[in-house]
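This report refers to the structure that appears directly beneath it.
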């Protein structure tokens, strides 16, 4: 059966499109959400925790409609476009009295997961106000951690789903394309890391990274029903040196190509990022790739200097 498009690594064939058309025809009064859920059931398209990939499927159906392959029923209601009219998180006031001390004197530093808790609004506000990339709504699996010292927030960390293809990371793991498609959800990406600007504590950043990565797999298992075996991050070396990742013994694997995920040319369109990874288990390659490192993989002890 001929492929019509590829979407997030899934090959969408003429047979798949026929299934979608059949579902739409059978439910002319169904909502778009209902249609996408029925498509997910027909394809057995689920997240690792068993939940239907409804949001992803709705995006796919819009893409298929834009290319003329299907005609969806009209939307039941017209909602504001969150991308065109994205609102910033509500600004939350916070004590900005300087925190300048040693790490030992600051202890204990706690690191609770705050997504879907009463602290999430504060978390989003801090990222929006003080992170250079600002706040963007995270799509897919993700967790948010806020570090506290003496009941005061001092840092924020977001872990999200890993990007689909990063050459230096994939060579480091040594997995095939098919295995990557199957196991990519077992990697988490550190998408945001913020030490609040009035906090000046030597070695705090690497300490917070360590606290966060030690609990992420356990917390991911609780919420998404699967563990995390490797964490990764990208450092914009035009702005930062990645010192805290180096201090926490993350492994430098190389740089990105500087091309976006939708870029079709081989030309660099953005700054190249340094790619760091941290295996959470010694047998991470066995868990991710089902084998040993490939000959092109850098040694695990090779760190950036």
The one condition residue 106 fails out of (1) free of Cβ contacts under 8 Å to residues at least 60 places away in the same chain; (2) surrounded by 11 or more Cβ atoms within 10 Å (Cβ to Cβ); (3) assigned by TED's automatic domain parsing to the domain that holds residue 205 is (1)
Across region 190-234, what is the total count of residues that are part of a strand (DSSP E or B), free of Cβ contacts under 8 Å to residues at least 60 places away in the same chain and closer than 30 Å to residue 95 by Cβ?
5
Unmet requirement for residue 121, which otherwise passes all of (1) part of a loop (DSSP other than H, G, I, E, B); (2) assigned by TED's automatic domain parsing to the domain that holds residue 236:
(1)
Condition (residue is farther than 30 Å from residue 205 by Cβ, touching a helix residue (DSSP H, G or I) at 6+ places or on another chain (Cβ under 6 Å) and surrounded by 14 or more Cβ atoms within 10 Å (Cβ to Cβ)) applied to region 70-83: is it met by at least one residue?
yes
Would it be correct to say that residue 265 is at pLDDT below 95, more than 30 Å from residue 51 (Cα to Cα) and surrounded by 17 or more Cβ atoms within 10 Å (Cβ to Cβ)?
no
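Name the single residue that is modelled with the highest pLDDT among those in region 132-162 being part of a loop (DSSP other than H, G, I, E, B) and crowded, with 16+ Cβ neighbours inside 10 Å. It would help to see each step written out before you state the result.
Applying the first criterion (part of a loop (DSSP other than H, G, I, E, B)) to region 132-162 yields 132-141, 150-151, 162.
Filter once more, keeping what is crowded, with 16+ Cβ neighbours inside 10 Å: 135, 138, 141, 162.
Working: 135: 85, 138: 79, 141: 91, 162: 95.
Filtering region 132-162 for residues that are part of a loop (DSSP other than H, G, I, E, B) and crowded, with 16+ Cβ neighbours inside 10 Å, the one modelled with the highest pLDDT comes out as 162.
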Given the residues 174, 167, which is the only one that is under 26 Å from residue 284 (Cα atoms), surrounded by fewer than 20 Cβ atoms within 10 Å (Cβ to Cβ) and either at pLDDT below 95 or out of contact with any helix residue (DSSP H, G or I) (no Cβ under 8 Å at 6 or more places or on another chain) (or both)?
167
In region 192-209, is there at least one residue being surrounded by fewer than 20 Cβ atoms within 10 Å (Cβ to Cβ) and more than 20 Å from residue 100 (Cβ to Cβ)?
no
Return the total of residues in region 128-165 being closer than 26 Å to residue 258 by Cβ and out of contact with any strand residue (DSSP E or B) (no Cβ under 6 Å at 6 or more places or on another chain).
11
Which of the numbered conditions does residue 116 fail, given that it passes all the others? Conditions: (1) in contact with a helix residue (DSSP H, G or I) (Cβ under 7 Å, 6 or more places away or on another chain); (2) at pLDDT below 95.
(1)
Has region 242-259 got at least one residue that is within 29 Å of residue 50 (Cα to Cα) and either part of a loop (DSSP other than H, G, I, E, B) or at pLDDT 95 or above (or both)?
no
I'm told residue 297 meets every condition in (1) at pLDDT 95 or above; (2) crowded, with 17+ Cβ neighbours inside 10 Å; (3) over 17 Å from the mean Cα position of the chain (by Cα) except one. Can you identify the failing condition by its number?
(1)
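The values are calculated or read from the model by the stated rules, or taken from the named source; none is laboratory data. What you see is a predicted model; the values in this text were computed from it and never measured. Because the Cβ atoms are built from the backbone with ideal geometry, glycine has one as well, and the counts that use them run over all protein chains shown.
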